[in-house]
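Trainee: Questions regarding the structure given below will be posed in turn.
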There are 2 protein chains.
Amino acid sequence: MSDVETLLARRQVLLGPGMATFYRRPLHIVKGQGVWLWDAEGRRYLDAYNSVPHVGHCHPHVVEAICRQAATLNTHTRYLHEGILDYMERLTATMAPPLAAGIMVCTGSEANDIALRMAQAVTGRTGVIATDWTYHGNTAAVSQLSTRTPPVGGHQGHVRHVPAPDGLRPLGGQGGAAFAEAWGRAVAAAIDDLAASPHGFSALIVCPFFANEGFPELPDGFLAPAAAAVKRAGGLLICDEVQPGFGRLGSHFWGHQRAGVLPDIVTMGKPMGNGHPVAAVVTSAETLAAFRKAFRYFNTFGGNPVSMAAAHAVLDVIERERLMANAEATGRYVQTRFESLRARHPRIAQVRGAGLFFGAEFVRPDGSPDEPFTAEVVEGMLKRGIILNRLGIGMNTLKIRPPLPFGPAEADLLADALADTLAELDR
Amino acid sequence: MSDVETLLARRQVLLGPGMATFYRRPLHIVKGQGVWLWDAEGRRYLDAYNSVPHVGHCHPHVVEAICRQAATLNTHTRYLHEGILDYMERLTATMAPPLAAGIMVCTGSEANDIALRMAQAVTGRTGVIATDWTYHGNTAAVSQLSTRTPPVGGHQGHVRHVPAPDGLRPLGGQGGAAFAEAWGRAVAAAIDDLAASPHGFSALIVCPFFANEGFPELPDGFLAPAAAAVKRAGGLLICDEVQPGFGRLGSHFWGHQRAGVLPDIVTMGKPMGNGHPVAAVVTSAETLAAFRKAFRYFNTFGGNPVSMAAAHAVLDVIERERLMANAEATGRYVQTRFESLRARHPRIAQVRGAGLFFGAEFVRPDGSPDEPFTAEVVEGMLKRGIILNRLGIGMNTLKIRPPLPFGPAEADLLADALADTLAELDR
């Protein structure tokens, strides 16, 4: 058996069946540095996919911060420590008031699990609205939001789904303000439906960039009608910033800032510690107090000194290396290069994104999502040493979300490889 | 304001009200090494409480493993990596078949959240039984098991509580086999009650050492009648090893082995990575397959190379430094010393525990739990530079659960300080 086959067989036994890997022939990755990954055979890949190593794989400043703190002290928040306080101040300084306090946890799933309970504590109700193509995490409570595998014992009946926004196929048939209004009406209808149920309405939870939905191109102020409906009903708006947060979108530090809404609760995770398990919920003093009154909550590892050292170091690097500016500039540049490909390849319906979260949507001649073609593009890019993936309602949009040090040189490698892949597939 | 007051005021603003600390005047801890902690004023404390730094605060072998791997690669399990496979093999080698596979996560809460769903997937039912003085974690689903603050929207009705076992006040009034039988009948009655409900019965979840319940002294085979009732009803036995696992009890690597039961699912967390956020669920291939069929599950940080390096290093140190043997020997020795205190202090109703998880229960002359006195003992020990806490149904039992390198010299410091504290309180 090959190395890969051996590892797959061991996974089957030790980790169980159906534990998904990427690619037809999964990768055995052994080393990472900056925007590069290496496999066990010494082959190098340009990482245009992974958002967790936000400031670059194994960034020395983050590694050093982890090592220093791990050698000094790593304990919990029942004792006092500056790390969590300094970090929470620095984190909330990136947001508008009243987002000024929060809870440190270990995973985005834990953060969303808390966010849902915060909304319950504030409203006294339990109903939640999410899109029908979302993913907010894997705890029992949070996985109720997904439309995929239904839970044992059935859904609890407290979740309503609204259609995932699709810029190419807008709800109501029209783009612009009409699209935003139509989507807001869908949210309002779901609110009414929950309000008439025993659950009541507590919160709308969205990724403000609608990342899993395929980061659709949306009219300015798209979320405003929905946010207004939430507010009218006394509910909370939860923005899940696990994917767009921490400067990835270039123009704004947070996805909700780019979307022009002020959420009641913000959750974050993946990129926060550059791979160290750190996540958080940020909200107002009032919402946090309501939660702490309603639920006892203590997270053993959450906000520990090493996690906070890692998270501090990530913010240091974003600032020192001007990674937001890089995200914006590289994002603009690569979209220009992709646009020139679109002129030659009618299968590319649209090039879109913001900063270092971008992609292209592939369709058939009739405009319908071309998932099989997109899957071929992903494999074709891998063959050329480029790691990326696909997502969206039709799973037909490239998911390109590299570590933030991804610059113009890497953008050229990416665009050249895509041109090459498309040329091969078009033959 | 003093340093401590300043930090408390900042916590109030940034982390919200009611975020508990230990002690009347909380500690500001800045450094840890082995079984020692230092505060910001340079005062040294003997750590007789913290189980997370399992092999000692900042153990150089664990720190080095984390640093090396963090500088090499830290990514997720969609790519193949030996770290998680080698670790799962090594971990499951400490358990009896069919406990041979599992899922890596970040926190004990995540592990128990999955364990409950595994039982749902296997049985198709959702009812759970726990003790009425337990704590298994903080996700929305897992916190339903606690009897404390009721959740918003009420309990979901699928949890039944059985009385926490109390060796000094046995259910049914008799000790020995009669106590085990009486407790087994309580579990069987809860099973019948759930079976007659729409939820059905899926699992009994217990800490096999009943740590939070006050680690009562129980007759041999105490869990057998309950486990048999669970099995007859087609349910699963979940053992939460977050506290007793990884050799702490000295005689056995796992609490369930000491208790003489073979669980269907084992969960673990806290000590696993010596502070690095690592946790896991271990079960049979069949149960894991049923879960993977019923639920999509992926944990971004779970089982990543750095987490696995930390967890491997912890197992290395347990073996190399013979920490289980140390736990057993030190545990025996310190209980002898505590017993001699009991002869002089009638407030000590019982000295008990196993390995490096032990304590003493304090009662009033009428035998009722003396919580205020126990609280004074905890503060008196702190004054003498010893960190410990209290737990149990009456919150009147000392919770002594130090890092495993805690040896006879530290046991003497601890016992001398306790003698001193009791002498002062008795004056």
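Nothing in this text is a laboratory measurement; each read-out follows from the coordinates by a stated rule. Fair warning: this is a prediction, and the values are worked out from it, not measured in the lab. Note that each Cβ is placed from the backbone with ideal geometry, even for glycine, and that neighbours are counted across all protein chains shown.
Trainee: Given Cβ point charges of +1 (Lys, Arg) and -1 (Asp, Glu) and nothing else, what value in debye, to the nearest 20, does the dipole of the range B:61-320 about its Cα centre take? List each step's numbers first, then the result.
Mentor: Details: 18 positive and 20 negative charges, 98 e Å.
In total the dipole reaches around 460 debye.
Trainee: I'd like the mean, over residues of A:286-299, of how many other protein chain beta carbons sit within 10 Å of each residue's own Cβ.
Mentor: Numbers: counts 1, 1, 7, 4, 2, 3, 6, 4, 4, 10, 8, 7, 5, 5.
Partner-chain Cβ atoms within 10 Å, mean over residues of A:286-299: 5.
Trainee: Which one, A:Thr131, A:Phe291, A:Val142, projects farthest toward the positive side of the charge dipole computed for the range A:61-320 from Cβ point charges (K/R +1, D/E -1)?
Mentor: A:Phe291
Trainee: I would also like to ask the following. Once amide H atoms are built 1.01 Å from N in the peptide plane, which residues 5 or more positions from A:Ile400, or in another chain, come under 5 Å H to H?
Mentor: Correct list: A:Phe358.
Trainee: Using a/c under 1.5 as the rounded threshold, could you call chain A rounded, prolate or oblate? The axes a ≥ b ≥ c are square roots of the C-alpha gyration tensor eigenvalues, and prolate needs a/b larger than b/c, oblate otherwise. If you can, show how the numbers build up before the last one.
Mentor: Working: a/c = 1.55, a/b = 1.14, b/c = 1.36.
Taking the square roots of the gyration eigenvalues as a ≥ b ≥ c, chain A is oblate.
Trainee: Where is the GNM fluctuation largest for chain B (alpha-carbon springs, 10 angstrom cutoff): B:Gly157, B:Gly16, B:Gly175?
Mentor: Highest fluctuation among the options: B:Gly16.
Trainee: Then there is this: Enumerate the calculated ³J(HN,Hα) couplings along the range B:349-357 in order (Karplus 6.51 cos²θ - 1.76 cosθ + 1.60, θ = phi - 60°), each rounded to whole Hz, writing x wherever the residue is Gly or Pro.
Mentor: 6, 7, 10, 7, x, 8, x, 9, 9
Trainee: Which of the pairs A:Lys270/A:Lys399; A:Lys293/B:Lys270; A:Lys270/B:Lys270; A:Lys31/A:Lys270 have their Cα atoms more than 23 Å apart in this structure? Kindly include the intermediate steps, with their values, before the conclusion.
Mentor: Details: A:Lys270/A:Lys399 16 Å; A:Lys293/B:Lys270 26 Å; A:Lys270/B:Lys270 21 Å; A:Lys31/A:Lys270 19 Å.
With Cα atoms farther than 23 Å apart: A:Lys293/B:Lys270.
Trainee: Around A:Val159, which amide H atoms from residues at least 5 apart in sequence, or from another chain, sit under 5 Å from its own amide H, with H modelled in the peptide plane?
Mentor: Long-range HN contacts for A:Val159: A:Val128.
Trainee: Please turn the phi angles of the range B:69-85 into ³J(HN,Hα) values with the Karplus equation 6.51 cos²θ - 1.76 cosθ + 1.60 (θ = phi - 60°), one per residue in order, whole Hz, x for glycine and proline.
Mentor: In residue order, the calculated couplings are 6, 4, 7, 9, 5, 9, 9, 9, 8, 6, 9, 7, 7, 5, x, 5, 6 Hz.
Trainee: Let me ask you something else. What is the range B:296-368 by shape, rounded, prolate or oblate, if you read a ≥ b ≥ c off the alpha carbon gyration tensor as root eigenvalues and call it rounded for a/c under 1.5, prolate for a/b larger than b/c, and oblate otherwise? Each step should come with its number before you reach the end.
Mentor: Details: a/c = 6.35, a/b = 2.09, b/c = 3.04.
Cα axes put the range B:296-368 in the oblate bin.
Trainee: Now a separate question. Between B:Ala96 and A:Glu41, what FRET efficiency comes out of the Förster formula 1/(1 + (r/R0)^6) with R0 = 30 Å and r the beta carbon distance, rounded to 0.05? Kindly include the intermediate steps, with their values, before the conclusion.
Mentor: Working: r = 38 Å, r/R0 = 1.27.
According to the calculation, E is roughly 0.20.
Trainee: Averaging sequence separations of C-alpha pairs under 8 Å and six or more residues apart, then dividing by the length of the range B:61-320, give the relative contact order as a whole percent. Walk me through the intermediate numbers first.
Mentor: Working: 496 pairs, mean separation 80.9, N = 260.
Normalised by residue count, the contact order of the range B:61-320 is 31 percent.
Trainee: Which one of A:Ser307, A:Ser340, A:Ser251 has the biggest mean-square fluctuation once chain A is modelled by GNM with Cα springs under 10 Å?
Mentor: For chain A, modelled as a Gaussian network with Cα springs under 10 Å, the answer is A:Ser340.
Trainee: Amide H to amide H, which residues 5 or more places from B:Val30 or on other chains are under 5 Å from it, using H placed in the peptide plane?
Mentor: Placed amide hydrogens put B:Trp38, B:Asp39, B:Ala40 under 5 Å from B:Val30.
Trainee: Return the unpartnered cysteines for the protein assembly as shown, using a Cβ-Cβ cut-off of under 4.7 Å.
Mentor: A:Cys58, A:Cys207, A:Cys239, B:Cys58, B:Cys207, B:Cys239 - these cysteines have no disulfide-compatible partner (Cβ-Cβ under 4.7 Å) in the protein assembly as shown.
Trainee: Rounded, prolate or oblate: which fits the protein assembly as shown when a ≥ b ≥ c are the square roots of the eigenvalues of the alpha-carbon gyration tensor, with rounded for a/c under 1.5 and prolate only if a/b beats b/c? Numbers along the way, then the final one.
Mentor: Values: a/c = 1.74, a/b = 1.63, b/c = 1.07.
Prolate, because a/c is 1.5 or more and a/b exceeds b/c.
Trainee: If you don't mind, another one. With the crude spin-label approximation of a point 7 Å out along Cα→Cβ, what separation in nm comes out for A:Glu371 versus A:Ala343?
Mentor: Here the answer is 3.4 nm between the modelled labels.
Trainee: Continuing with the same structure: May I ask you to compute the full-extension gain from B:Arg25 to B:Glu379, defined as 0.36 nm times their residue separation minus their alpha-carbon distance, rounded to one decimal in nm?
Mentor: Numbers: separation 354, 0.36 × 354 = 127.44 nm, distance 0.95 nm.
Extra length available between B:Arg25 and B:Glu379 comes to 126.5 nm.
Trainee: Hey, another quick one. Could I have the simple spin-label model distance between B:Ala178 and B:Phe298, label points 7 Å from Cα toward Cβ, reported in nm to one decimal?
Mentor: 5.8
Trainee: Over the range B:1-81, what is the relative contact order in whole percent, taking alpha-carbon pairs under 8 Å and six or more residues apart? Show your work: numbers first, answer last.
Mentor: On the way: 51 pairs, mean separation 13.8, N = 81.
Value for the range B:1-81: 17 percent.
Trainee: Using the 7 Å Cα-to-Cβ label point, sort the distances from B:Gln174 to its equivalents in the other copies shortest first and give them in nm to one decimal.
Mentor: From this label point to the equivalent ones elsewhere in the assembly: 8.2 nm.
Trainee: Can you figure out the FRET efficiency of A:Ala325 with A:Arg68, using R₀ = 25 Å and their beta-carbon distance, to the nearest 0.05?
Mentor: On the way: r = 28 Å, r/R0 = 1.13.
Calculated value: 0.35.
Trainee: HN-Hα J couplings of the range A:45-55 from phi, Karplus 6.51/-1.76/1.60, θ = phi - 60°, integer Hz, Gly and Pro as x?
Mentor: Calculated HN-Hα couplings, in order: 10, 7, 8, 10, 10, 7, 9, 5, x, 4, 9 Hz.
Trainee: Still on this structure: Compute a Gaussian network model of chain B, connecting alpha carbons closer than 10 Å, and tell me which residue from B:Gly235, B:Gly392, B:Gly176 fluctuates the most.
Mentor: Ranking B:Gly235, B:Gly392, B:Gly176 by mean-square fluctuation puts B:Gly176 first.
Trainee: Treat every Asp and Glu Cβ in the protein assembly as shown as -1 and every Lys and Arg Cβ as +1, leave all other atoms uncharged, and give the resulting dipole magnitude about the Cα centre to the nearest 20 debye.
Mentor: Working: 78 positive and 80 negative charges, 84 e Å.
Rounded to the nearest 20 debye, it is 400 debye.
Trainee: Report the charge-dipole magnitude of the range A:264-370 in Debye, nearest 20, computed about the Cα centre from +1 at each Lys and Arg Cβ and -1 at each Asp and Glu Cβ. The partial results should precede the final answer.
Mentor: Values: 13 positive and 10 negative charges, 32 e Å.
I would put it at about 160 debye.
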